[in-house]
1. If I go through region 86-112 residue by residue, how many of them are open to solvent by less than 40 Å² (accessible area, probe 1.4 Å) and among the hydroxyl-bearing types (Ser, Thr, Tyr)?
2. Filter region 58-73 for residues that are free of Cβ contacts under 8 Å to residues at least 60 places away in the same chain and within 21 Å of VAL24 (Cβ to Cβ); which is surrounded by the fewest Cβ atoms within 10 Å (Cβ to Cβ)?
3. Out of all the residues in region 88-116, which are part of a loop (DSSP other than H, G, I, E, B) and at pLDDT 95 or above?
4. Could you run through region 55-79 and say how many residues are in a helix (DSSP H, G or I) and either closer than 16 Å to LYS18 by Cβ or out of contact with any Leu (no Cβ under 9 Å at 6 or more places or on another chain) (or both)?
5. Just need a number here: residues in region 1-57 that are under 18 Å from ASP84 (Cα atoms), touching a helix residue (DSSP H, G or I) at 6+ places or on another chain (Cβ under 7 Å) and free of Cβ contacts under 8 Å to residues at least 40 places away in the same chain.
Amino acid sequence: MDQTKKLIEQITEGIQDKKGKKIVVADLTRIDDTICNYFIICQGNSPSQVTAIVESVKEFARKGANVKPFAIDGLRNAQWVAMDYADVLVHVFLPETRSYYNLENLWADAQLTQIPDID
């Protein structure tokens, strides 16, 4: 398994560990001039859950794939937190912020994979 796939797997597990919902992996590898190869988009129900998801993703990525984010932005109000793992950008939203920005639609020509929620 290549490093990026391993990272995506660890990030997804980190999100699920804190009950993040509606996880979507957007494969941007077939699109020219993108800032990364993959987007992972998910949501938490409150700013504190969003923050917990971000912390969990950091932990899972570090332990499972030996990778740390280059940058994390948005923790101050925790409505939309972006985590930069170079090839992979993670977006953790509150539901209303997510529907407002609708990243899945912006990247409609990307290959989108829905990850089923874990209860």
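1. The total comes to 1.
2. Narrowing region 58-73 to residues free of Cβ contacts under 8 Å to residues at least 60 places away in the same chain: 58-64, 66, 68-73.
Checking the rest, the ones that are also within 21 Å of VAL24 (Cβ to Cβ) come to 58, 60-61, 64, 69, 72-73.
On the way: LYS58: 19, PHE60: 22, ALA61: 25, GLY64: 15, PRO69: 20, ILE72: 17, ASP73: 11.
Taking the candidates together, the pick is ASP73.
3. Of region 88-116, the ones part of a loop (DSSP other than H, G, I, E, B) are 94, 102, 107-110, 116.
Of everything in region 88-116, just one residue is part of a loop (DSSP other than H, G, I, E, B) and at pLDDT 95 or above, namely LEU94.
4. Step one: of region 55-79, the residues in a helix (DSSP H, G or I) are 55-65.
Of the ones still in play, those that are also either closer than 16 Å to LYS18 by Cβ or out of contact with any Leu (no Cβ under 9 Å at 6 or more places or on another chain) (or both) are 55-64.
Final tally of qualifying residues: 10.
5. 1
The values are calculated or read from the model by the stated rules, or taken from the named source; none is laboratory data. Predicted model only: the values in this text are computed from it and were never measured. Positions of Cβ are generated from backbone atoms using ideal geometry, with glycine treated the same way; all protein chains shown enter the neighbour counts. For the accessible areas, the whole protein counts, side chains as well, though only heavy atoms, and no ligand, DNA or RNA atoms are used. Shrake-Rupley method; radii C 1.70, N 1.55, O 1.52, S 1.80 Å.
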